[in-house]
Amino acid sequence: MFEWLFLIGRIVLLACERVLVKKLGLEAHPLVAAFLFFFFGSLFILPFVFLDKVSDWSFLPYALFSGSVIAVADLMYVYAFSKERISLIAPLYNTNVVFLLFISVLLVNDSFTLLKLLGTLIIFSGVILLQKSHFTGIAQALNSKPVQAILLSALLFALLRSVDALAFKLISPPPFTYAFIMYGSATLIYLLSNIYLGKLNEIKS
C-alpha cells in the first residue's frame, strides 16, 4: 500500500518539478539552475541522514559515480527544458525506459521478458506520435539540440539508475546517506563549474 502511495507522490511531484525546472531554466544559466536544484535537494535530504546507521562504506564509489553521472544528466535535462516546450521534451525523457530495459539486463542481470519489451515499445511509439505534431520526421527531431540533450539525459539517467540498483542489490547501502552523497557530489561539481565560469553572483541573484 505504502509503495503505491510513494509512487503516486513521485509522479505528482515530478510533474511539478518539470514546470519549476522550465521556469528556473528560463531565468538562469543551466549550470546555475542545476546547482540550485541539487543544493536545495541535498539540504532537504541532510536531516534524514542521521536516521541511517552506517557501518560499511563500500557503497561510496557507487554513490560518487552516480553523483558524477547525474551532474551531467541533469545539466542536459535543465538545458532541454529551458530551450523547448515541456509538452515536447517531457515525453522524450521517457525514452529512459527504453535505455533502462537494456542497460539493466546487461548491468544488473535483470530479467528480459516479452511483456517488458512490449510495454517499452508502446511507450516508445507514444513518444514518436507525440513528436509528429512538432517535427516532420525523426531526422529533423534528432537535429534539434534540446532533443539531443534530453535523449543524452535519458540515457545517463538509465545508466545511473542501473548503477544504483546494482549497489542496492550487492551492498544494500543506507538509502538517505547514499542519496545525500550522490546529490552532494553533484552539487560540488556544479559549484566548482560555476566558480570556474565566474557565475557566483548569478547564483546569489
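A few remarks follow.
- Heavy atoms of the protein chains alone define the surface here; on that basis the range 1-46 has 70 Å² accessible area per residue at 1.4 Å probe size.
- Each part reduced to its alpha carbon centroid, the range 45-124 and the range 1-36 end up 14 Å apart.
- Our analysis of the range 5-61 gives Rg over Rh at 1.10, with the two radii drawn from alpha carbon positions and Rh computed by the Kirkwood formula.
- Relative contact order, percent, the range 1-127 [alpha-carbon distance under 8 Å, six or more residues apart]: 30
- Extended-chain gain in nm, criterion 0.36 nm per residue less alpha-carbon gap, V97 and I122: 7.9 nm
- Kyte-Doolittle mean at least 1.6 and Cα axial length at least 18 Å: DSSP H helices in the chain: 30-49, 114-131
- Helical content of the chain, expressed as a calculated mean residue ellipticity at 222 nm, amounts to -27000 deg cm²/dmol (DSSP H runs of 4 or more residues, -39,500 (n - 2.57) each, divided by residue number, nearest 500).
- FRET efficiency, 1/(1 + (r/R0)^6) with R0 30 Å, evaluated for K145 and F50 via beta carbons: 0.10
- With all protein chains in place and ligands, DNA and RNA left out, the 1.4 Å accessible area ranks M182, M1 as M1, M182, largest first.
- Computed with the Debye formula from one identical point scatterer per Cα of the range 152-205, without solvent, the log10 of I(q)/I(0) at q = 0.14, 0.17, 0.18, 0.24 Å⁻¹ comes to -0.54, -0.71, -0.75, -0.95.
- The chain - Rg over Rh from alpha carbon coordinates, Kirkwood radius: 0.98
The values are calculated or read from the model by the stated rules, or taken from the named source; none is laboratory data. Nothing here was measured: the structure is a model prediction, and the numbers come from that model. All Cβ positions, even for glycine, are placed from backbone atoms using ideal geometry, and neighbour counts span all protein chains on display. Surface accessibility is based on the protein's heavy atoms, side chains included, excluding ligands, DNA and RNA. Shrake-Rupley method; radii C 1.70, N 1.55, O 1.52, S 1.80 Å.
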